[in-house]
Amino acid sequence: MKIIAAKWILLMDEAFGIVEDGAICFDERIIAVDGADQLKSRYPQAEFEDFGDAVIMPGLINAHTHLEFSANRSQLRLGSFVGWLESVIEKREGLLAQCEAKQCIDRALDTILESGTTTIGAISSFGLDMESCAKSPINVIYFNEILGSNPAVVDTMYGEFLERYEQSRAFASKSFLPAISVHAPYSTHPILIRKVLETVKAENLVVSTHFMESKDERAWLDRGEGKFAEFFKAFVPDPKPLIKPLEYIGLFKGVSTIYTHCAEANEAEIKAILAQDQAITHCPRSNRYLGSSRLAIEKLPAFHLATDGLSSNDSLSLWDEMRGALMMHSDLDLAELAKRLLLGSTREAGRALGLQKGVIKEGYESDLIVVPIPAETEESMVAISLILHTQKVEGVYVGGERI
Ligand code: MCF
Ligand code: FE
């Protein structure tokens, strides 16, 4: 059992509660939050550490990233979605090989942990990141991806997916939870979706999917037009969209689902997602770099933040993502936005993934980070200051253990 104290504790409760001069007593789970003296007399056997001028808060949760693309710097073409996708197909082999050779997945995981992210949702297209994720101290929801739009190859795609999924199940542990990702409405045949959703329901898993990420996706799914029409002609003679967006959302009814991006989603689609009690991931930098619209977060009751992969971003740090979001949503009140971004990187992400993480509350898991903050910081500036100045954190606890 441990007690840690600091000038500020950010609880990440709904009201963004801050405890001044507080302390937390915990083992694997959080036992109590109070003043240091009170906790020390209540739990005299606990190990004690005072971090002084610092913030203690839940470890950050990045619900959507692609570690297998971590070798990318400027090989992939940014600016528009289908242009980017073509470059992925062209450069994929090289990028994956480069990543294996340079062990860049392990390095990416190290930088993620140093930045204070203690849980990730890793979208895995090929299974190359499986062992690294399974052995990392970071908690991983390992989303085995399924895709395939051509009916002629759906059985092969499903077989190949199943093999990866079964392999990942063999690694399952407290910090490695196998799950399933359906790539996107333009890339995954409804036959495949229905098939994997049977497994999802039987095993009560969380599903992750890309949804309405780009203007190209909007034009294709609504009207069968635009750059996707050209793109698919390379594979099939007379390509047609596989499904309407609202129908796609309907497939996931009754399943805990995370829709990543939604930058081009319309009001009816957002309403349908919320009516099904499902979650929306916001990746502001990835959207900017792939030419998508700004997601109107001010219209959403909740959202969580994620970095996406280095395939469409310049870092895997949620602090960098929060700084990007502060700039992107330039009409929103700075202090309120800062709080929402912190909640979106902790509480809301934990909730979307169905974890007892992301909040400092009795019974929640003890994934905690310690971030230094100048002594003279006023309470009203704590959230803004954290976002503007944090690169690496001073201390990380995962499941109550100091890493
Ligand atoms: O999230 C970004 C952009 N949107 C879609 N997909 C990916 C992203 N980063 C990597 N991907 C992967 C995706 O999982 O690229 C492939 C999929 O395996 C594109 S479809 C051939
Ligand atoms: Fe993604």
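Restricting the first member to region 85-105 and to residues that are within 14 Å of Ser312 (Cα to Cα), and the second to residues that are within 12 Å of ligand 1 (Cβ to nearest atom) and of a type in the set (Asp, Glu), the beta-carbon pairs closer than 9 Å and six or more apart or on different chains are Leu85/Asp216; Leu95/Glu68. Being surrounded by fewer than 19 Cβ atoms within 10 Å (Cβ to Cβ) and farther than 18 Å from Val398 by Cβ narrows it down to one residue among Glu28, Glu14; which is it? The conditions single out Glu14. Can you work out which of the residues in region 36-59 that are of a type in the set (Gly, Ala, Ser) and not in a helix (DSSP H, G or I) is nearest to ligand 1 (Cβ to nearest atom)? Here the answer is Gly59. Count of region 111-169 residues, restricted to those that are free of Cβ contacts under 8 Å to residues at least 40 places away in the same chain and assigned to a strand (DSSP E or B), is 4. One residue alone among Ser292, Ser330, Ser312, Ser286 is more than 17 Å from Thr65 (Cβ to Cβ), of a type in the set (Ser, Thr, Tyr), within 16 Å of ligand 2 (Cβ to nearest atom) and assigned by TED's automatic domain parsing to the domain that holds Ser80, and that residue is Ser292. Among the residues of region 321-332, are any within 16 Å of ligand 1 (Cβ to nearest atom) and either in contact with a Phe, Trp or Tyr (Cβ under 7 Å, 6 or more places away or on another chain) or in a loop (DSSP other than H, G, I, E, B) (or both)? So far as region 321-332 goes, no, none of its residues is within 16 Å of ligand 1 (Cβ to nearest atom) and either in contact with a Phe, Trp or Tyr (Cβ under 7 Å, 6 or more places away or on another chain) or in a loop (DSSP other than H, G, I, E, B) (or both).
Filtering region 60-96 to residues that are surrounded by fewer than 23 Cβ atoms within 10 Å (Cβ to Cβ), assigned to a helix (DSSP H, G or I) and either modelled with pLDDT under 95 or among the charged types (D, E, K, R) (or both) leaves Glu86, Glu90, Lys91, Arg92, Glu93.
Of all residues in region 51-81, those satisfying the criterion of being hydroxyl-bearing (Ser, Thr, Tyr) and under 15 Å from Cys104 (Cα atoms) are Thr65, Ser70. Can you name the residue in region 181-198 that is touching a Gly at 6+ places or on another chain (Cβ under 9 Å) and hydroxyl-bearing (Ser, Thr, Tyr) and is also farthest from Ser256 (Cα to Cα) among such residues? Here the answer is Ser187. Taking region 247-256, which residues are away from ligand 1 (no atom under 16 Å from the Cβ), on the phi < 0 side of the Ramachandran plot and within 23 Å of the chain's Cα centre (by Cα)? Ile249, Gly250, Leu251, Phe252, Lys253, Val255, Ser256 - these are the residues of region 247-256 that are away from ligand 1 (no atom under 16 Å from the Cβ), on the phi < 0 side of the Ramachandran plot and within 23 Å of the chain's Cα centre (by Cα).
The values are calculated or read from the model by the stated rules, or taken from the named source; none is laboratory data. What you see is a predicted model; the values in this text were computed from it and never measured. Here Cβ is always computed from backbone atoms with ideal geometry, including for glycine, and neighbour counts include all displayed protein chains.
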